[in-house]
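Please treat every number below as a calculation from the coordinates, not as lab data. If you're wondering where the values come from, they're calculated on a predicted model, not measured in any experiment. Positions of Cβ are generated from backbone atoms using ideal geometry, with glycine treated the same way; all protein chains shown enter the neighbour counts.
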Amino acid sequence: MDNRPTSPLSARARQKVMVVGAGIAGLSAAFRLQQSGYDVTVLERSAHVGGRMWTEEIDGFRVDTGAALLPDSYRQMRRLIRDAGLTGEVVPSGDIYGFLRDGKVHRFGTHIPLDLLTTGLLSPRSKMRLLRLAADTRRLRDRITFRDLTTAPEADESCIAYTDRRLNQELFDYLIEPLSTNYYFAPPEELSMTHVYLAASSALGTGYFNSPQGMAFLPRGLARHLDIRHNTTVLSVQENDDHVTVRHTDPTGGERQQTAAACVIAVPGPQVAGIWPDLPAPMGAFLSRLRYSTCLHVSFGLTTRPPETSMWIFVPRREHPGGLGLCLDHNRAPGRAPDGKALITLYWPTQQSESLYDLPDQDITARALHDLDQLGLFSGLARQIEMTSVSRCRPCVPLTHPGSIAELRNGLRSLDHTSRIALAGDYYSFGSTNAALTSGEATATRLTVTLEARPAPRHTL
Ligand SMILES: Cc1cc2nc3c(=O)[nH]c(=O)nc-3n(C[C@H](O)[C@H](O)[C@H](O)COP(=O)(O)OP(=O)(O)OC[C@H]3O[C@@H](n4cnc5c(N)ncnc54)[C@H](O)[C@@H]3O)c2cc1C
């Protein structure tokens with residue numbers, strides 16, 4: 001693990017930096033700042049790190065309660081894994097997607113172009129039309145990145161308008177809609193095409209990696225190098241001339257105040273304004289209008305493995321009301337189920353998730369079993385269940401609707417890039433662990449430049 005300062009400590013030596021939030025955005029920022037020689041403390045509201053990148057161990061099964069998929073296109077994440085000494089914890093993982101049509105699963109692996117030639121999922125006419133999406137994605141690929149969505153304004157078109165202009169109804173029903181529902185837990189009617197381009201270029205036709213320890217391997221691995229204060233809720237962050245003041249609760253419920261040279265706020269977008277009263281108005285407008293999806297998912301630990309080889313099955317609205325996502329976790333990544341056993345997770349998109357969210361777990365589980373039964377993919381599943389787990393995710397992932405890229409651009413322009421307060425989160429790009437991580441690293445770099453130019457006087461820290 002290389003966690004040594006990357007340059008002479010000079011003025012930065014032991015300056016204190018606080019990070020609010022121990023999700024992957026905050027942990028990445030904290031790790032990189034600490035590597036640069038700062039004295040970093042992470043304040044985290046909950047009792048564990050990771051936020052939406054977490055794993056629960058239940059009766060021998062490993063349930064990833066938030067993020068689940070790590071495509072090889074997550075280059076920034078691979079680099080951070082290496083720098084944190086965690087390379088030995090990841091292995092190549094399952095990469096076969098299935099799309100359900102008329103009760104049959106059509107499978108695609110890393111060689112999607114070849115699979116498309118032979119698949120019965122799409123008509124020959126749709127396959128030809130799909131070349132247009134491939135060409136558009138290729139053209140925009142270098143500008144729609146995990147770092148920044150704002151450099152391809154022409155991509156900010158509604159999925160419906162794009163389908164009318166370039167695709168057809170079949171591609172909408174069996175590709176665009178299931179991709180939206182499964183990656184963003186939201187219907188394509190609410191999303192900008194930017195999402196689809198990024199999903200197509202970063203998550204389809206690529207390999208995947210994962211850790212047998214579950215998705216929590218990375219937050220846990222980073223946290224081992226950091227000073228994390230749990231059960232600590234930040235109430236406000238205020239910038240003064242030569243320092244920042246952070247007001248927070250402590251684990252006993254008392255209120256405290258600390259000063260630092262700088263602070264990173266790494267909480268979900270809509271929560272930022274509540275912590276940072278002086279957040280510039282255009283960025284505040286973008287974040288307050290930003291909607292996140294909601295996702296409710298139910299995992300079933302089974303005594304035997306079904307023959308299905310996909311790691312994930314997209315269930316379009318045409319096949320099931322509202323659409324669904326089905327993860328075969330034991331095919332997705334090693335270590336999720338004991339040998340010979342299976343772990344299957346059903347994900348509902350936002351509308352269904354909201355309607356079930358506050359019901360007791362047993363009612364939600366009964367509804368999940370009913371939906372699985374209707375699909376008819378796993379016969380006798382109910383008799384094989386030995387573990388059930390319900391996960392509630394609100395917020396889930398940010399939804400870029402047509403027009404929000406322009407709002408993001410205005411918001412970014414309004415931020416003072418010499419401020420001692422900086423933001424990190426998954427709202428800068430395709431809402432994902434890699435976008436959150438990339439923004440955390442970028443924020444660390446930005447603050448390092450600021451603090452080199454404006455070191456905080458010792459008496460303030
Ligand atoms: C169901 C689901 C499936 C997903 N699937 C994938 C996937 O397959 N692949 C992928 O790459 N991404 C996926 N994502 C998205 C990904 O998990 C998130 O985009 C990413 O983890 C966000 O990280 P973050 O650090 O920005 O936010 P978070 O993980 O939300 O972290 C924010 C942290 O801040 C803390 N906090 C909040 N307020 C305060 C406060 N006032 N004081 C102190 N601490 C505070 C929170 O407790 C939390 O720990 C999925 C998400 C969900 C929910």
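Each residue of segment 105-113 was assigned a 3J(HN,Hα) from its phi angle through the Karplus curve 6.51 cos²θ - 1.76 cosθ + 1.60 (θ = phi - 60°); the sequence is 8, 9, 9, 9, x, 5, 9, 3, x Hz, with glycine and proline shown as x.
Ordered by packing density, taken as the mean number of other Cβ atoms within 10 Å over each peptide's residues, highest first, how do 105-118, 230-243 rank?
On the way: 105-118: 14.8, 230-243: 16.5.
Per-residue mean Cβ counts within 10 Å order the peptides as 230-243, 105-118.
Sorting 431-440, 260-269 by their mean Cβ neighbour count within 10 Å, with the most densely packed peptide first, gives 431-440, 260-269. Compute the Cα gyration tensor for segment 50-92, then decide on rounded, prolate or oblate, letting a ≥ b ≥ c be the square roots of its eigenvalues: rounded whenever a/c is under 1.5, prolate when a/b is larger than b/c in the other cases, and oblate in all that remain. It is prolate, given that a/c is not under 1.5 and a/b is the larger ratio. In a reduced charge model with +1 at each Lys and Arg Cβ and -1 at each Asp and Glu Cβ, segment 67-179 shows a dipole moment near 360 debye about its Cα centre. Normalising the average separation of contacting C-alpha pairs (under 8 angstrom, six or more residues apart) by the number of residues puts the relative contact order of segment 244-341 at 16 percent.
Please give the direction-averaged projected area of the C-alpha convex hull for segment 399-461, in square nanometres with one decimal.
On the way: hull surface 20.1 nm².
With the hull built on Cα positions only, its mean projection is 5.0 nm².
Amide H to amide H, with H built 1.01 Å from N, PHE209 comes under 5 Å of LEU70, ASP72, SER93, counting only residues 5 or more places away or on other chains. The spread of Cα positions in segment 54-180, taken along each principal axis and listed from longest to shortest, comes to 47, 40, 25 Å. With the charge dipole of segment 202-250 set up from +1 on Lys and Arg Cβ and -1 on Asp and Glu Cβ about the Cα centre, the Cα lying farthest toward the positive end among the listed residues TYR208, HIS243, ILE228 is that of TYR208.
The residues ASP156, ASP102, when put in order of fewest to most other Cβ atoms within 10 Å, stand as ASP102, ASP156.
Over segment 285-377, what is the relative contact order in whole percent, taking alpha-carbon pairs under 8 Å and six or more residues apart? If you can, show how the numbers build up before the last one.
Working: 131 pairs, mean separation 30.4, N = 93.
Value for segment 285-377: 33 percent.
Projecting the Cα atoms of SER353, THR163, SER389 onto the charge dipole of the chain, computed from C-beta unit charges around the Cα centre, puts THR163 farthest toward the positive end. Specify the angular offset, from 0 to 90 degrees and rounded to the nearest 10, of the alpha carbon long axis of helix 433-453 from the longest principal axis of the alpha carbons in the chain. For 433-453 against the chain, the angle is about 20 degrees.
In a reduced charge model with +1 at each Lys and Arg Cβ and -1 at each Asp and Glu Cβ, the chain shows a dipole moment near 1000 debye about its Cα centre.
The Rg/Rh ratio for segment 335-386, using Cα coordinates for both the radius of gyration and the Kirkwood hydrodynamic radius, is 1.00.
Excluding ALA155 itself, calculate the net charge of residues whose Cβ lies under 9 Å from the Cβ of ALA155, where each Lys or Arg counts +1 and each Asp or Glu counts -1. Every neighbour counted, the sum reads -3.
Rounded, prolate or oblate for the chain? Axes are the square roots of the Cα gyration tensor eigenvalues, ordered a ≥ b ≥ c, and the cut-off for rounded is a/c under 1.5. Prolate, since a/c reaches 1.5 and a/b exceeds b/c. Can you list residues whose amide H is under 5 Å from LEU235's amide H, if they're 5+ apart or on another chain and H is modeled 1.01 Å from N? Residues meeting the criterion, in which the H sits 1.01 Å from N, are ARG247, HIS248, THR249. Note on segment 323-461: with charges restricted to the Cβ of Lys and Arg (+1) and Asp and Glu (-1), its dipole about the Cα centre is near 580 debye.
Please give the calculated 222 nm ellipticity per residue for the chain, where each DSSP H segment of at least 4 residues contributes -39500 (n - 2.57) and the sum is spread over every residue; nearest 500 deg cm²/dmol? Before the final figure, lay out the partial values.
Details: 14 runs with 142 residues, N = 461.
Per the formula, -9000 deg cm²/dmol.
Would you kindly calculate the translational diffusion coefficient of segment 210-337, applying Stokes-Einstein with the Kirkwood radius from alpha carbon pairs, for 20 °C and a viscosity of 1.002 mPa s, and quote it in µm² s⁻¹ without decimals? After rounding, the answer is 111 µm²/s.
Counting only residues at least eight positions apart within a chain, or on another chain, the aspartates and glutamates with an alpha carbon under 14 Å from that of LYS104 are GLU308, GLU319. Computed over the alpha-carbon atoms, segment 277-435 gives an Rg to Rh ratio of 1.09, Rh here being the Kirkwood radius from the mean inverse distance. Spin-label pair THR309-THR206: with each label point 7 Å from Cα along the Cα-Cβ axis, the two points sit 2.4 nm from one another. Out of every Cα pair in segment 363-440, what percent are spaced more than 17 Å from each other? I get 66 percent for the Cα pairs in segment 363-440 exceeding 17 Å.
Note on ASP102 and ARG165: with the Förster distance fixed at 22 Å, the Cβ-Cβ geometry gives a FRET efficiency of about 0.20.
Sort segment 53-122 into rounded, prolate or oblate with this rule: let a ≥ b ≥ c be the square roots of the eigenvalues of the Cα gyration tensor; rounded if a/c is under 1.5, and if a/c is not under 1.5, prolate when a/b is larger than b/c, oblate otherwise. The shape class here is oblate.
Give, in nm to one decimal, the length gained when the segment between ARG78 and LYS127 is fully stretched (0.36 nm per residue of separation minus the Cα-Cα distance). Please report the intermediate quantities before stating the final value.
On the way: separation 49, 0.36 × 49 = 17.64 nm, distance 3.32 nm.
Using 0.36 nm per residue and subtracting the Cα-Cα distance, I get 14.3 nm.
Counting only C-alpha contacts under 8 Å and six or more residues apart, can you give the relative contact order of the chain as a whole percent? This gives 26 percent for the chain.
For segment 29-80, what value does the Rg/Rh ratio take when both radii are computed over Cα atoms and Rh is the Kirkwood radius, given to two decimals?
Working: Rg = 14.4 Å, Rh = 13.7 Å.
Reported Rg/Rh (Cα atoms, Kirkwood Rh): 1.06.
Annotation: amide H-H contacts under 5 Å for VAL40 (H modelled 1.01 Å from N, sequence separation of 5 or more, or interchain): VAL17.
The Cα atoms of segment 208-277 cover 45, 28, 23 Å along the three principal axes, with the biggest extent listed first.
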